[in-house]
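J.: The structure is given below, and queries will be raised subsequently.
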Protein chains: 2
Amino acid sequence: MSAAKPIITDWRQFDTIHTITAVVPADSSIAVVWSDGRTSPYERYWLRDNCPCGECYLALTREQAFEIVDAPETLAVASAARDAEGHLEVSWSDGHRSRYEAGWLRANAYDEASRAERRLANPKPVLWGAARAQELPTFEYEAVMRDDHVLLRWLITARDVGLTLIKEVPTQAQSLLAVAQRISHIRETNFGRVFDVASKPNPDSTAYTSFNLPPHTDLPTRELQPGLQFLHCLINDAVGGESIFVDGFAIAEALASESPDDFSTLTRTPMEFWNRDNRTDYRWSAPLISVDAEARLSEIRFANFLRGPIDAAADEMPAIYRALRRFQRMSREPRFRVERRLAPGDMWVFDNRRVLHARRAFDPMSGQRHLQGVYVDRDELRSRIRVLERLLKNP
Amino acid sequence: MSAAKPIITDWRQFDTIHTITAVVPADSSIAVVWSDGRTSPYERYWLRDNCPCGECYLALTREQAFEIVDAPETLAVASAARDAEGHLEVSWSDGHRSRYEAGWLRANAYDEASRAERRLANPKPVLWGAARAQELPTFEYEAVMRDDHVLLRWLITARDVGLTLIKEVPTQAQSLLAVAQRISHIRETNFGRVFDVASKPNPDSTAYTSFNLPPHTDLPTRELQPGLQFLHCLINDAVGGESIFVDGFAIAEALASESPDDFSTLTRTPMEFWNRDNRTDYRWSAPLISVDAEARLSEIRFANFLRGPIDAAADEMPAIYRALRRFQRMSREPRFRVERRLAPGDMWVFDNRRVLHARRAFDPMSGQRHLQGVYVDRDELRSRIRVLERLLKNP
């Protein structure tokens, strides 16, 4: 195993764990045989497209200058071999020469075994419910602010568990911003950058009343629901208003096994969600449960109080309501629910595209209740995790 | 035709154009026969779910308080009839009573004819290319700022044509913000709220050099690419740097008819795009061409200089490169290209998820070139259009 130098196409480093034992060129592809016996094919255009030389890539920005459309239709491998340092050298029929680091080549191989390996390495959601309510991950404000290792642990937990609690956040207004900015910028919405959750005289949302709020994700009315939601408790003197969290992925998994037809219905029926404001009119239609191209759960989208009339074929309507009612019923089942009373200084940070949150009604005459919230998108969370992993691994 | 009063579930008004001529109740649904002969079925749970009474909806927020899971499994229609004012009245087996305005009921009917009618009424993209370069929609800054009717025309054009030019925007820095705020708030990114396009000493993107930038969408590295892009020219004294716009939907349509296999390949092959910065690491994989659930074009995602190695099955690689090369070749064809030199005060506003933009190289020693940009998402554009249509129709 030899340590790799950084290459200009990437900020990551690719250690050479498996070495190249043979290079078998053909006209339109090259097969590389590795020290562990794996064989990886590389197609001619794929290789030419990824040439990391200083002519194909701008060293200044690490961005590709070459466009693969400029390779000739007749492009062929003239020669290919392992060089003295163990890397792959290719000469092309048009005279261009390319050199690929063995570590990079292996990390980006697309033979079946390599692709399966990468899929296995993808982060997996850790499901939870009432049975694990006592183990929910808690972090200290000071440590998150000061220590990048704690920060990284918190962010990975937010990504994989989807629900985290930060204790002892200062109870001055706007204090949540400093924590959010440990990740990146804020996702602004028409409710502002920081939104205040308190009962208001002319509420434009049930959130701003003292009524019960059933389990929901925020802003399903938008094409991209906000990723992380921060909810910071400044004051909580009112009677009632307990917070409830439900892992939407845990419900979806249970639904898939207990009632696969209902699961399937909810993954393919678009439901419209829209806001009821006199100055804005956001609407978006998407299934309540989304799965990605590899059939992994990617998103829950649901707020009953924002749902519009369902638009579907008449013969599907009974099955749609059966599935919707079952999902709602499950979201009320004790096995999925974690209930907590927020104390001043507590801040929940949760994946708003997975975790449904709810609030019991409270008595606004019995005392004050004031939370502040912000959103940070999943893109920013993932970017920050990658950079911290890069820095803490190779300081 | 009678004018409808606003109902608490919606801010829109639903005129009664077709009246109810018969109501045919059954146990688990009701059929409504309309004055134009159409028959619309309404399933029991669908109707109960949409009951607009003050008990089911909070008049304060216009949001639903009732949850359909609370309807009994045995819910049945006890009686249903047209009332004296021509609306639908339903009595339920559990004693609840509901009343549905005829105009609302027709607007939300889900019989096949009604659904097809709604699909036809969806806005359609107006495609363009070099042949229509002289007709590209131009608006005056003063009129957009002052007149809501001009504002609405501009926004509908931005939505349907995807490329608009606003003339005579003041050339002070940040002037574009006032125009963007005629729509809503800004979509912030890690490049800031307002980004400056000028050549910089340590560029973190090819955009901030003086090099040629091939046709691309901005930030394909994000799960949600920014919707509208504003590009405002403050100074343009340098030699070169002409702006080029290409309608990605026009290319996709041409590709679908000229080479359907390549089109299909590009709609189902995820390509990874990522940024090469030392402080951020955004990555997202999605097909170059996206179509929605009804097979309409919804998005183009492409920036060659941000593309990562393609991860696909080995036997698909030749077809993927054939399709990618063809798309790139088409994006260079004169028939699709509109080229303009930006003058100070010009501001392009275009759909960044449809229109590819490019820049010729310029000579930074020959003079200054300074543009400013912001993004506003499609959600905000659509919301603003709906509210303006509501206000200007019912002032």
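Here, each number is a calculation from the coordinates, and none is a lab measurement. Just so it is clear, the structure is predicted and the values come from calculations on it, not from any experiment. Backbone-built Cβ (ideal geometry, glycine too); neighbour counts: all protein chains shown.
J.: How high is the FRET efficiency between A:Asp237 and B:Arg390 when r is their beta carbon distance and R₀ equals 45 Å, given to the nearest 0.05?
T.: Plugging the Cβ-Cβ distance into 1/(1 + (r/R0)^6) gives 0.65.
J.: Got a sec? How would A:Ile183, B:Ile235 order by Cβ neighbour count within 10 Å, fewest to most?
T.: With the sparsest Cβ surroundings first, the list reads B:Ile235, A:Ile183.
J.: Okay, moving on. If I take the rotation axis that carries chain B onto chain A, which residue of chain B has the nearest beta-carbon, and at how many angstrom?
T.: B:Leu224, 2
J.: At what distance in angstrom do the alpha carbon centres of region A:296-315 and region B:192-208 lie from each other?
T.: 41
J.: May I pose another question? Please grab the % of Cα pairs in region B:269-381 that end up more than 26 Å from each other.
T.: Cα-Cα pairs in region B:269-381 separated by more than 26 Å: 35 percent.
J.: Oh, and also: In whole Hz and in residue order, list the ³J(HN,Hα) couplings for region A:369-378 that follow from phi through the Karplus curve 6.51 cos²θ - 1.76 cosθ + 1.60, θ = phi - 60°; x for Gly and Pro.
T.: 9, 9, 10, 10, x, 9, 10, 9, 6, 4
J.: Still on this structure: Shielding by partners for A:279-285, please: the mean number of other protein chain Cβ atoms within 10 Å of each residue's Cβ.
T.: 6
J.: What percentage of all Cα-Cα pairs in the protein assembly as shown are separated by more than 34 Å?
T.: Summing the P(r) tail past 34 Å for the protein assembly as shown gives 56 percent.
J.: Under 13 Å between alpha carbons, and skipping anything fewer than 8 positions from A:Lys167 in its own chain: which aspartates and glutamates qualify?
T.: Qualifying aspartates and glutamates at Cα under 13 Å: A:Glu140, A:Glu142, A:Asp346.
J.: DSSP loop (so not H, G, I, E, B), at most 12 other Cβ within 10 Å: list which GluC sites (Glu not before Pro) in region B:71-147 pass both filters.
T.: Those that pass, being in a loop and sparsely packed, are B:Glu73, B:Glu85.
J.: For B:Pro123, which inter-copy label distances result when the label point lies 7 Å beyond Cα on the Cα-to-Cβ vector, reported in nm to one decimal and in ascending order?
T.: 3.5
J.: So, one more: Once every DSSP H run of n ≥ 4 in the protein assembly as shown is given -39500 (n - 2.57) and the sum is divided by its residues, what mean residue ellipticity at 222 nm do you get, rounded to the nearest 500 deg cm²/dmol?
T.: The per-residue figure over the protein assembly as shown is -7500 deg cm²/dmol.
J.: Quick one: which residues, 5+ away or cross-chain, put their amide H under 5 Å from the amide H of A:Ile235? H built at 1.01 Å from N.
T.: Hits under the 5 Å cutoff: A:His370.
J.: Now for a different question. Taking amide H positions as placed 1.01 Å from N in the peptide plane, with prolines and chain starts having none, which residues 5 or more places from B:Thr21, or on another chain, fall under 5 Å of its amide H?
T.: Amide H to amide H, under 5 Å and 5 or more residues apart or across chains, B:Thr21 pairs with B:Val33, B:Trp34, B:Ser35.
J.: Can you tally the net charge around A:Ser205? Count Lys and Arg as +1, Asp and Glu as -1, for every other residue whose Cβ sits under 13 Å from the Cβ of A:Ser205.
T.: Value of the local net charge: 0.
J.: Right, another one. Which ³J(HN,Hα) values in Hz, rounded to whole numbers, follow from the phi angles of region B:9-20 under the Karplus curve 6.51 cos²θ - 1.76 cosθ + 1.60, where θ = phi - 60° and Gly and Pro get x?
T.: 7, 8, 8, 7, 10, 10, 5, 8, 8, 10, 9, 7
J.: Quick check: pseudo-label points 7 Å beyond the Cα along Cα→Cβ at A:Glu272 and A:Leu120, how many nm apart are they?
T.: Distance between label points: 4.7 nm.
J.: Next question, about the same structure. Return the FRET efficiency for the residue pair B:Glu89, A:Arg360: r is the Cβ-Cβ distance, R0 is 30 Å, and the value is rounded to the nearest 0.05.
T.: Approximately 0.30, to the nearest 0.05.
J.: Can you give the translational diffusion coefficient of region B:137-292 in µm²/s, computed by Stokes-Einstein from the Kirkwood radius over Cα pairs at 25 °C and 0.890 mPa s?
T.: The estimated diffusion coefficient comes to 136 µm²/s.
J.: Per the Debye formula with a single identical scatterer at each Cα and no solvent contribution, what log10 I(q)/I(0) holds for region B:200-343 at q = 0.15, 0.18, 0.19 Å⁻¹?
T.: -0.85, -1.18, -1.29
J.: Grab the beta carbon distance between B:Gln174 and B:Glu258, set R0 = 35 Å, and tell me the FRET efficiency rounded to 0.05.
T.: 0.20
J.: Further question: Each residue of region A:42-48 in order: what ³J(HN,Hα) in whole Hz does its phi give by Karplus 6.51 cos²θ - 1.76 cosθ + 1.60, θ = phi - 60°, with x for Gly and Pro?
T.: These are the phi-based 3J(HN,Hα) values: 10, 6, 4, 5, 4, 5, 4 Hz.
J.: A:Lys200: which aspartates and glutamates have alpha carbons under 19 Å from its alpha carbon, excluding same-chain residues fewer than 8 sequence positions away?
T.: A:Asp218, A:Asp237, A:Glu242, A:Asp277, A:Asp363, B:Glu63
J.: Could you line up B:Val374, A:Val69 from fewest to most neighbouring Cβ atoms inside 10 Å?
T.: Ranking B:Val374, A:Val69 by Cβ neighbours within 10 Å, fewest first, gives A:Val69, B:Val374.
J.: Please arrange B:Met347, A:Met365 by counting, for each residue, the other beta carbons lying within 10 Å of its beta carbon, fewest first. Intermediate results must be reported in sequence, preceding the final value.
T.: Values: B:Met347 25, A:Met365 8.
The most exposed by this proxy come first: A:Met365, B:Met347.
J.: When Cβ neighbours within 10 Å are restricted to other protein chains, what is their mean count per residue of peptide A:313-320?
T.: 5
J.: Can you give the Rg to Rh ratio for chain B, taking only C-alpha atoms and Rh from Kirkwood?
T.: With Rg and the Kirkwood Rh in hand, the quotient comes to 1.06.
J.: What whole-number distance in Å separates the alpha-carbon centres of region B:35-51 and region B:118-176?
T.: Value for the Cα centre distance between the two parts: 39 Å.
J.: Could I ask something else about it? Just checking the output field for A:56-66: average partner chain Cβ neighbours within 10 Å of each residue's Cβ?
T.: 6
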